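Below is one structure, written out as structure tokens, with a few remarks after it.
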Amino acid sequence: FYAYLVPTFLIKQFNLELKYTRIDPDYIAPASGVTDTSYRTQPTSTTVKQHSVTTLSDPTTDYNNMNRVEASARIMLPNGLLRINYGASPQLRPSMDSFYTRHAAIGSDVWWKGFYSGYGFPYTADPQRADMAYYNINRYGLNNWDESANYIISAGTGGLTTDLWNGHREFMSTGTHTETIKTINTAVFDLRYEINKLPLITSLVRRSLFMHIYGELTNLSAGTNFLVSFDNSRIFTQGILTSTLVYNAFDGMNLLGYWAMEKWLSKQVVPYEMDYYENVFGLGADFDIAPRTGLFIRVKNFYHDDKQVRANNFHGWLINAEIKSFF
């Protein structure tokens, strides 16, 4: 079920949308883009029981067991655009003590490339990724032969898994082995601005200089809760902040600067409290090398800091060059 309301009496620079979305816990439609959060067990030879696992991966994602109310605003600024979204989704059916999300700041491509194995989880016998495989052993105490997503959910532990292509999930658990109603709260802002149009900047910067800032705060809370806050008293808190500058240095050439940070907090997950901090610095350049063809170069330096399990700290570089041609 989906319903929305758009007031038409507001000024044209301000658009507001109120929306409600309900997707039943048993709804399954893989081709529709609705994430299936169900986890099925078969306690007897003839009975299949369906449970729900909480996903926090993306505030724009639709998933079953969804009961979301949200408000979105689109504000036209002089030389810019600001979009704001605030939402809360109390669950329709009690969910298990396991939940999962993805690392956003460093990028799913880095986590997938660093931790992927053909087994779907970090594998210590793989000589190319043996050090990275100890991520699950250090934090979650998992035997690396048993680290599939199904095992992690059924055991009520946490653990990092990788998907088939360029994806990953990190599961966490409160270790209560009970099913309860939880609420997912999100607050998002997205600012895009043409800095060179500012009066103090115009005389210094003759060419286009664009800024993009994105912030996201997500809470997983016990019971029904409609407030978003950045604290570790909730079941889980995830905060993301990214910023990008794009400067049109010459015709056919853009220079980019990038910075991002991400914070995970929880005092309720097992076996250790969650306190992640990730930092990313990047540079890039885009070149027009032919009609409808461009060369895109990116260099990224990233850091992952686990303040509770120092053995899992890592940092690295990602250098990427890509040629795109549009037909």
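The values are calculated or read from the model by the stated rules, or taken from the named source; none is laboratory data. Since the model is a prediction, treat every value here as computed from it, not as a measurement. Ideal geometry is used to build each Cβ from the backbone, glycine not excepted, and the neighbour counts take in all protein chains shown.
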Query raised in the report: Are any residues in the stretch 299-313 in contact (Cβ under 8 Å) with a residue 24 or more places away in the chain and surrounded by fewer than 16 Cβ atoms within 10 Å (Cβ to Cβ), and if so, which ones?
Result: Asp305, Lys307, Gln308, Ala311
Report task. Residues that are aliphatic (A, V, I, L, M): find the strands (runs of 3 or more DSSP E) completely inside the stretch 31-111 holding 3 or more of those. Result -> 66-77, 80-90
Query - Pairs where the first residue, in the stretch 276-298, is among the aliphatic types (A, V, I, L, M) and the second is not in a strand (DSSP E or B), C-beta under 8 Å, 6+ apart - result: Val280/Ala105; Val280/Ile106; Val280/Gly107
Report task. Tell me, please, whether a residue that is in a strand (DSSP E or B), in contact (Cβ under 8 Å) with a residue 40 or more places away in the chain and touching a Lys or Arg at 6+ places or on another chain (Cβ under 9 Å) can be found in the stretch 192-199. Result -> yes
Query raised in the report: Is one or more of the residues making up the stretch 253-264 among the small types (Gly, Ala, Ser), in contact with a Leu (Cβ under 9 Å, 6 or more places away or on another chain), at pLDDT 95 or above and more than 26 Å from Val205 (Cα to Cα)?
Result: no
Report task. With respect to Ile181, determine if the residue is under 18 Å from the mean Cα position of the chain (by Cα) and either modelled with pLDDT under 95 or surrounded by fewer than 17 Cβ atoms within 10 Å (Cβ to Cβ) (or both). Result -> no
Query - Filter result (surrounded by fewer than 18 Cβ atoms within 10 Å (Cβ to Cβ) and either out of contact with any helix residue (DSSP H, G or I) (no Cβ under 7 Å at 6 or more places or on another chain) or closer than 19 Å to Asp275 by Cα (or both)) within the stretch 211-224 - result: His212, Ile213, Tyr214, Gly215, Ala222, Gly223, Thr224
Report task. Assess whether Ile323 counts as being part of a strand (DSSP E or B) and farther than 22 Å from His103 by Cβ. Result -> yes
